[in-house]
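Below is one structure, written out as structure tokens; comments come after it.
The values are calculated or read from the model by the stated rules, or taken from the named source; none is laboratory data. Keep in mind that this is a model prediction, so the values were computed, not measured. Methodologically, a virtual Cβ is constructed for each residue, glycine included, from the backbone with ideal geometry; neighbour enumeration extends over all protein chains shown. We work out accessible area using only protein heavy atoms, side chains counted, and drop any ligands, DNA or RNA first. Shrake-Rupley method; radii C 1.70, N 1.55, O 1.52, S 1.80 Å.
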Amino acid sequence: MKRFFFPFVLLVLLSTCIDPYGFNAELGEQALAVEGYITTIPGHQEIRLRRAEVFGPDYIGINRPEGLATVLIKDDLGRVTRLVEQEQRGLYLTEEIFAAETGRSYNLEIITQNKKRYISKAELVREVPKLDSVTYRAVRIPSTDLLNDDYGVQVLGHFQDPKGQDNYYFWRTMESDFVLIAEPDLENIGGGPAGLPPCPPCCEKICYHKDLPKPGNIFTVDDTEFDGLYQSRVIAFVEDNGLRFKDTYRLELQHMSVTQETQRYLQLIDQQLRLTGSVFDPPPANIRGNMISLDDPDELVLGQFFAVDIEQVQVYIQKSKLEFFRRPQTIVPRCCIHFLYQDPRTGYVAPLVPTTPPSDWNPPRD
Amino acid sequence: MKGRFTQILFLTLLLFTFSCEIEEVGTLNLLTEEIVNVSGERAVVLGRIIAFENIPVEDHGFYFAEEESFLDPIIISLGATERPGRFVGEVSGLQLGRNYFVKAFVVRAGEMIFANTLSFETLNPAILGYEPLVQFGGGEIVITGINLADDTRVFFGDREAEVREVIFGFQVRVTVPPIASSISEQIRVVTRGIELEVETPFRYAVGRFNLLDANALEGLSIVENIYFQQGERFFAGMGRDSGNQSTDFIWEYNFAQGEWVKTGFEARMQRAASDSHTGYFGGGFFQTSIFGPQIPSDNYWHFDGLEYKELPPAPINISDGFGYEIQGQFYIAGGTIGVGSQVYRYDPASNAWEIRPNLPSNVDKGMVHFVYNDHLYWIDRDNNLIQYNPFTAQSQTVSRYPSPMIENTTDSGGFALVMGDKVFIGLYNNAREIWELDMEILDWGRKQNFTGDARGRITGAYSKDGLLYFLRSYLINPRTEFWEFDPEAF
């Protein structure tokens, strides 16, 4: 019996060895990614082209810009506008006078350096119902931290949705300005960052800084459930990081009308952005845009080209009008002009934050 | 009992038989999904094969036709495939402005299957414009339009021009045929049999130069001088010779004798003075000798056609500054000493100088400047044409000088002559280009390049009877040449 015991154990051990599975993910050709949209406001409209690298555990490389392409915008009358590539590779701009027209539909056509041709589906520009007013309110959101809630500001748009007409809305927050309040008097107490020049007593406490509102969620909606009804709905949210609402925050916002396809595309993107990893999340999915390869219709092209009617909105969010905000607020223990200061050892010379407001800065008086 | 059992069994079997699902292997649906884009002669269409598995088909594609019956179709064949999903068809060579029908097809096991039919209308062509509006024979213009087909032909009058390229159906690069009998031609564009006429007539870049005197001003190569015109009388003088000889005189051109003769005016050697080109001049520097110190001068004169009348001394030293006359008042401005944008005005009525608002930027005599409709215009060294209202002190950039300027070589000197609503500008130092600027539409038209030696500088510019006259001085083989330019001759 003993004769068979060890060979049997050996056999069992051998049979339990795990052979690593040699999985080789197929790395497809880098997909062309198209970013950009055109609006009814005259100006340089931009389209950005990139090649998306494969995303995975192994670092493949950065998303390289797609340069030397021919980029054309065509309307349904046959008018063609050629976009010119800028010094920044992969960035293509129209002339400054270009603007989309409501009622017209537009196609984006791209011919890449290797002569591959792409065209977008036609995007119709529909007039956006104008906003009557924009208001805001402070909100407090339960967070994963049981002791501290999250704070932020919801921006509400008030407008009449036209009856009997399909409308698809999209609101986009743009780079905004805010008053940066610093507390340089506290520098000597708390000790500023290493290498920062000591702050003289007269140094600046109020600056005007730029900020891209976070989080970058997409606000979009279709009017299926409120056709013809007056709307007062949340069109933007800016998280209070303790710094933004120490004084005045001027939120730049675009109020747009999009097509049904674009609204659906944006909604799916938003769904993916809001994934938290919980079991209730929708599964990650491949979202198809409206760009088509004329040479190979099965080729994956990322991005959605769209053309919109637009209303630019500015909202001055003033601390004095907020019911509550994050406490304690973030302390900046240095001159505000040195807010972007980096240790010289990093080799990066940060620009000074301006102390003068933007030329069109005009907040309402309290 | 047995019979009943048999009946039940039979019924059950019958039911089983009828409830069996007949599995259809490889069914597909075909869809002509969307017209993606339509232009004049081209259309892009999407089709889709809907199936739950790979189904091999021998061919797939689209039928295009002008009739819904598809009797004489244009067939776009995309070949065999087995993958369901969308496919794209692109057709070109369609007739402009026609209604077309399209339907997708597949060929499966020898059987042709068609999808639904969609229709679209191809667009009509139109011309939006062309540029430049003035060009030399053999040069290139670009015509911009919409829905131009690849067979586009362009005619200048009755003569066909060479089409170099049709760019994406909206631009046509054309070589201008040589000038024939007229400086203006009507452009016609023919695309897919449709003839379009361009609204603005094309103009050839013309002009003829004629050397009147190869050794004007007694053989001197005059620089840093002044020049002016009184009616049809041309004057030039002061400044210095390029060999640093003093040129204390003012010459006048005698048309009868065809030569420049000295007038009675004599001044001390005075250079870099401001002059309005209308008879007011002065300022700049005195030099008592060639190597003597430079002394700022405040001497100003006005020649009224009869005599040189001395003005009161200016309250500011200006050298190489602007001089211009607006509504009978003489302005001096800018210059290379002092602030560079200060302005003073001499009013003949009060015989006094007064300070005026500064110009928006520094100016000097090396910048071309002229007066049109009581506004001062000048071209700065970034090629901007700036309009300035001397009464409201408002300024704006209204256009750009089209020729490239090369720092320190061609961005100084030159001339500007106002003739009605046209201004002739050009011949910067060491440059050959002359442009005609239409002040009503601010459009620049090219003129024939200067045919003489380019390495000179303008030291006088006049106009008479629709002709331009100019003095051009040379530092190599020092001399001053006197030229006539007919802007309409060819």
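General observations
- Probe 1.4 Å, all protein chains present, accessible-area order of A:L186, A:L229, largest first: A:L229, A:L186
- Between A:Y348, A:Y169, A:Y118, the residue with the greatest mean-square fluctuation in the GNM of chain A (Cα pairs under 10 Å linked by springs) is A:Y348.
- In order along region B:142-149, phi translates into HN-Hα couplings of 10, 8, 10, x, 10, 6, 8, 7 Hz, rounded to whole numbers, per the Karplus curve 6.51 cos²θ - 1.76 cosθ + 1.60 with θ = phi - 60° and x for Gly and Pro.
- A Cα-only calculation for chain A places Rg and Dmax at 26.5, 97 Å.
- Residue-span extension gain [B:T144 to B:R4] - 0.36 nm each, minus C-alpha spacing: 41.4 nm
- In region B:302-404, the GluC sites (Glu not before Pro) that fall in loop regions by DSSP, at most 13 other Cβ within 10 Å: B:E307
- For the residues B:D320, A:D296, a 1.4 Å probe over the protein chains yields an accessible-area ranking, largest first, of A:D296, B:D320.
- Whole-angstrom gap from region A:28-42 to region B:417-475, using each part's C-alpha centre: 47
- FRET efficiency for B:N389 and B:R153, using Cβ-Cβ distance with R0 set to 41 Å, rounded to 0.05: 0.30
- Spin-label model, A:E96/A:F6: points 7 Å from Cα along the beta carbon direction are separated by 9.0 nm.
- Using the Karplus relation 6.51 cos²θ - 1.76 cosθ + 1.60 with θ = phi - 60°, the per-residue 3J(HN,Hα) values for region A:211-226 come to 7, 9, x, 10, x, x, 5, 9, 9, 8, 7, 10, 8, 4, 8, 9 Hz, with x marking Gly and Pro.
- Taken about its Cα centre, region B:54-111 carries a charge dipole of about 240 debye when Lys and Arg each add +1 at the Cβ and Asp and Glu each add -1 at the Cβ.
- Legend: calculated FRET efficiency, B:S350 to A:K210, from the Cβ-Cβ distance at R0 = 56 Å, rounded to 0.05, equals 0.55.
- Radius of gyration, Dmax [region B:126-204; alpha carbons; angstrom]: 11.2, 34
- Region A:100-166: trypsin sites (Lys or Arg not before Pro) falling in loop per DSSP and having at most 14 other Cβ within 10 Å: A:K115, A:K130, A:K163
- Taking amide H as placed 1.01 Å from N in the peptide plane, A:Q231 has its amide H under 5 Å from the amide H of A:F159, A:Q160, A:D161, each at least 5 places away in sequence or on another chain.
- Gaussian network model of chain A, Cα within-10 Å springs - most flexible of A:A31, A:A99, A:A350: A:A350
- The residues neighbouring B:V423, those whose beta-carbon lies less than 15 Å from its own, together hold a net charge of -3 under the Lys/Arg +1, Asp/Glu -1 convention.
- Note on B:I74 and A:A285: the model spin-label points, each 7 Å out from Cα along the C-beta direction, lie 3.7 nm apart.
- Accessible heavy-atom area order of A:E87, B:E58, A:E127, highest first, probe of 1.4 Å: A:E87, A:E127, B:E58
- Cβ charges +1 (Lys, Arg) and -1 (Asp, Glu), total dipole of the protein assembly as shown, debye: 2160
- For region A:163-173, the Karplus equation 6.51 cos²θ - 1.76 cosθ + 1.60, evaluated at θ = phi - 60°, returns couplings of 7, x, 9, 6, 10, 10, 10, 8, 10, 10, 8 Hz by residue, with Gly and Pro reported as x.
- With K and R counted +1 and D and E -1, the other residues having a Cβ less than 15 Å from that of B:A216 yield a net charge of -4.
- Of all the options A:G36, A:G61, A:G103, the one that moves most in a Gaussian network model of chain A with Cα springs shorter than 10 angstrom is A:G61.
- Amide H within-cut-off set for B:A161, under 5 Å, with H built and near neighbours excluded: B:V154, B:F155, B:F156
- The solvent-accessible area of A:R288, taken with every protein chain present and a 1.4 Å probe, is close to 140 Å².
- For chain B, the longest principal axis of the C-alpha atoms and the axis of helix B:2-19 are separated by about 20°.
- Options B:T27, B:A43, B:G139, ranked by Cα towards positive dipole end of chain B, top entry (Cβ charges): B:T27
- Take every pair of alpha-carbon atoms less than 8 Å apart whose residues are at least six positions apart; their mean separation over the length of chain B yields a relative contact order of 9 percent.
- Computed accessible area, B:W251, all protein chains, 1.4 angstrom probe, square angstrom: 0
- Reported value for the protein assembly as shown: 373 Å³ per residue, from the convex hull of its C-alpha atoms.
- Our compactness index for chain B, the C-alpha radius of gyration over the empirical 2.2 N^0.38 Å, is 1.65.
- Amide H contacts under 5 Å for B:F136, placed H, 5+ residues apart: B:A205
- Surface accessible to a 1.4 Å probe, B:D59 within the full protein complex, Å²: 30
- Taking 7 Å steps out from each Cα toward its Cβ at A:V349 and B:S92 produces label points 5.2 nm apart.
- Loss of accessible area when B meets A, both sides summed, Å² nearest 100, probe 1.4 Å: 1800
- Förster-model FRET efficiency, 60 Å R0, B:L31 and A:R140, C-beta, rounded to 0.05: 0.75
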